[in-house]
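Structure record follows, encoded as structure tokens.
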Amino acid sequence: MFITINRRTIIAILICVLIVGGVCGTYFGVRASASPKPIHTIVIDAGHGGIDGGAVGKVTGVDESHINLEYAQTLKALCENFGIGVTMTRSDMNGLYDVTASNKKRSDMERRRQIIESSNADLVVSIHMNSYPLPSAHGAQVFYAQGAGSGKRLADLVQTEIVRAIPSARKTSSVGDYYMLNCTEKPSIIVECGFLSNPEEEKMLVSEEYRTTLCYSILSGILQYYDM
Ligand SMILES: [Zn+2]
């Protein structure tokens, strides 16, 4: 049996292909390949990694380093959807230290600083999960460096958005004396997403719903910081 295809049929098929291609291209991010360089770029730092697992969940036994990476990757995807460029300090479960270094923690932190300084990012978001001996301690909180005007502004915007979405969060951001805040002149915040030492909060922290809500809140604060 022969199927005859005339010119009108071919043109109709081509139009369909172009329309479907255009729609799918928009939905599946093909558009991004043609988009210009992002105006804003940020560093997302997933805390810990490698031999340094960070805090450990009392209920699930999950390592902080693992959850940090999940949150960092979720935040990266959300930011990129809004045209914000992202440089990650780590994209897998390995630490950033030189394996031959005698002080691996220092080596790891120094590498993070190098990535921040060699990037063209204009701010830094470091992702961590908190832990405290008292199991009742709870609440997501954002930290910034003492005297950091832009860092405080960013921290306040992100904290406000987190509180809006997550009622159990701490009400205000706070000064923190941490390497990731002090190692750069760029506005830098640490988001402690919740307490792994609190069984109820741990259950929330490992859920996709909490992770997505929290990462959206961080993105929302960043967009306000950029007046986007
Ligand atoms: Zn941590």
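Looking across the stretch 173-193, the residues that are polar (S, T, N, Q) and either over 20 Å from SER119 (Cα atoms) or touching a His at 6+ places or on another chain (Cβ under 6 Å) (or both) come down to SER173, SER174.
Just one residue in the set SER174, SER207 is assigned by TED's automatic domain parsing to the domain that holds GLU110, within 16 Å of the ligand (Cβ to nearest atom) and not hydrophobic (A, V, I, L, M, F, W, C); that residue is SER174. Count of the stretch 164-182 residues, restricted to those that are in a loop (DSSP other than H, G, I, E, B) and either over 19 Å from the mean Cα position of the chain (by Cα) or closer than 28 Å to GLU209 by Cα (or both), is 10. With the structure loaded, tell me whether LYS76 is over 15 Å from LEU205 (Cα atoms), free of Cβ contacts under 8 Å to residues at least 60 places away in the same chain and either outside the structural domain of VAL191 (by TED's automatic domain parsing) or within 16 Å of the ligand (Cβ to nearest atom) (or both) or whether it fails that test. For LYS76, the condition - over 15 Å from LEU205 (Cα atoms), free of Cβ contacts under 8 Å to residues at least 60 places away in the same chain and either outside the structural domain of VAL191 (by TED's automatic domain parsing) or within 16 Å of the ligand (Cβ to nearest atom) (or both) - is not met.
If you check GLU185, GLU161 for being outside any helix (DSSP H, G or I) and either of a type in the set (D, E, K, R) or modelled with pLDDT under 95 (or both), only one passes: GLU185. Scanning the stretch 46-81 for residues that are surrounded by fewer than 18 Cβ atoms within 10 Å (Cβ to Cβ), of a type in the set (D, E, K, R) and more than 20 Å from VAL99 (Cβ to Cβ) yields LYS58, GLU70, GLU80. Condition test on SER197, is it under 16 Å from ASN68 (Cα atoms) and of a type outside the set (A, V, I, L, M, F, W, C)? Yes; evaluated as a whole, the condition is true for this residue.
For the stretch 130-141, state whether one or more residues are surrounded by fewer than 21 Cβ atoms within 10 Å (Cβ to Cβ), among the hydroxyl-bearing types (Ser, Thr, Tyr) and more than 21 Å from SER65 (Cβ to Cβ). Yes: one or more hits. The residues of the stretch 123-136 that are in contact with a helix residue (DSSP H, G or I) (Cβ under 9 Å, 6 or more places away or on another chain) and in a loop (DSSP other than H, G, I, E, B), listed by number, are SER131, PRO135.
Number of residues in the stretch 125-150 that are of a type in the set (S, T, N, Q) and away from the ligand (no atom under 16 Å from the Cβ): the value is 3. Among the residues of the stretch 181-205, those identified as surrounded by fewer than 17 Cβ atoms within 10 Å (Cβ to Cβ) and either in contact (Cβ under 8 Å) with a residue 60 or more places away in the chain or of a type in the set (Ser, Thr, Tyr) (or both) are PRO199, GLU200, LYS203. Just so you know, in the stretch 48-58 the residues that are more than 12 Å from the ligand (Cβ to nearest atom) and modelled with pLDDT of 95 or more include one that is nearest to GLY194 (Cα to Cα), and it is GLY57. Scan the stretch 85-96 and give yes if some residue there is within 16 Å of the ligand (Cβ to nearest atom), under 28 Å from MET228 (Cα atoms) and part of a loop (DSSP other than H, G, I, E, B), otherwise no. Yes, that holds for at least one residue.
A count restricted to the stretch 97-118 and to residues that are surrounded by 13 or more Cβ atoms within 10 Å (Cβ to Cβ) and in a loop (DSSP other than H, G, I, E, B) stands at 3.
The values are calculated or read from the model by the stated rules, or taken from the named source; none is laboratory data. This one's a predicted model, so the numbers in the text were calculated from it and none came from an experiment. Here Cβ is always computed from backbone atoms with ideal geometry, including for glycine, and neighbour counts include all displayed protein chains.
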